[in-house]
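The values are calculated or read from the model by the stated rules, or taken from the named source; none is laboratory data. Quantities reported herein were computed from a predicted structural model and do not represent experimental measurements. Cβ atoms come from the backbone with ideal geometry, glycine included; neighbour counts cover every protein chain shown. Each accessible area value is taken on the protein alone, full model and side chains, heavy atoms only, with ligands, DNA and RNA left out. Shrake-Rupley method; radii C 1.70, N 1.55, O 1.52, S 1.80 Å.
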Amino acid sequence: MFLHGHGAAASELADLTSRLDLAPRWTVVVPAGGGRAVDTPGSWFESGPRGVDAASLDASAEHLETAIGVLLDRGGFEAAELVVGGFSQGAAMALVLAARGVVRGGRLLVCSGWIPEGPDVDPDLSGAGVE
């Protein structure tokens, strides 16, 4: 699963992944950002001068956790084979998912990412269990 950056669209990454010719070995999933709690199209979470908005971050993380659960249930592969990555804000979301234990045993691919911080937002990656 690869997550786009702020202001981008899932279709842009879908085009990129098709150029990498990963099939048939890989199943690539590129979800669109912007859940109900996010006002900015193409954004995984809102942020401002005080940092990341916890409600919008949680809403996107819960959406992605559900999507990953469905992939693992129906995808025919194990959690250890899962790779969650992203660029910029998408990479920040991948790190949040790792901190929540969603990627436990899997892998991360983080490009130009950071750990989101703000009031009520403090992901702890110490027990993430990723390689």
If only one of 95, 125 is touching a Leu at 6+ places or on another chain (Cβ under 7 Å), without any contact (Cβ under 8 Å) to a residue 60 or more places away in the chain and open to solvent by 40 Å² or more (accessible area, probe 1.4 Å), which one is it?
125
Name every residue in the stretch 98-122 that is out of contact with any Ser or Thr (no Cβ under 9 Å at 6 or more places or on another chain), more than 20 Å from residue 69 (Cα to Cα) and in contact (Cβ under 8 Å) with a residue 60 or more places away in the chain, in order of residue number.
117, 119, 120, 121
For the structure I just gave you, tell me whether residue 39 is in a loop (DSSP other than H, G, I, E, B), under 24 Å from residue 114 (Cβ atoms) and either open to solvent by 40 Å² or more (accessible area, probe 1.4 Å) or modelled with pLDDT of 85 or more (or both).
yes
Given the criteria in contact with a helix residue (DSSP H, G or I) (Cβ under 6 Å, 6 or more places away or on another chain), among the small types (Gly, Ala, Ser) and surrounded by fewer than 17 Cβ atoms within 10 Å (Cβ to Cβ), does residue 105 qualify?
yes
Quick check, is residue 71 surrounded by 13 or more Cβ atoms within 10 Å (Cβ to Cβ), touching a helix residue (DSSP H, G or I) at 6+ places or on another chain (Cβ under 9 Å) and outside any loop (DSSP other than H, G, I, E, B)?
no
If you go through the stretch 80-92 one residue at a time, how many are surrounded by fewer than 24 Cβ atoms within 10 Å (Cβ to Cβ), in a helix (DSSP H, G or I) and not hydrophobic (A, V, I, L, M, F, W, C)?
1
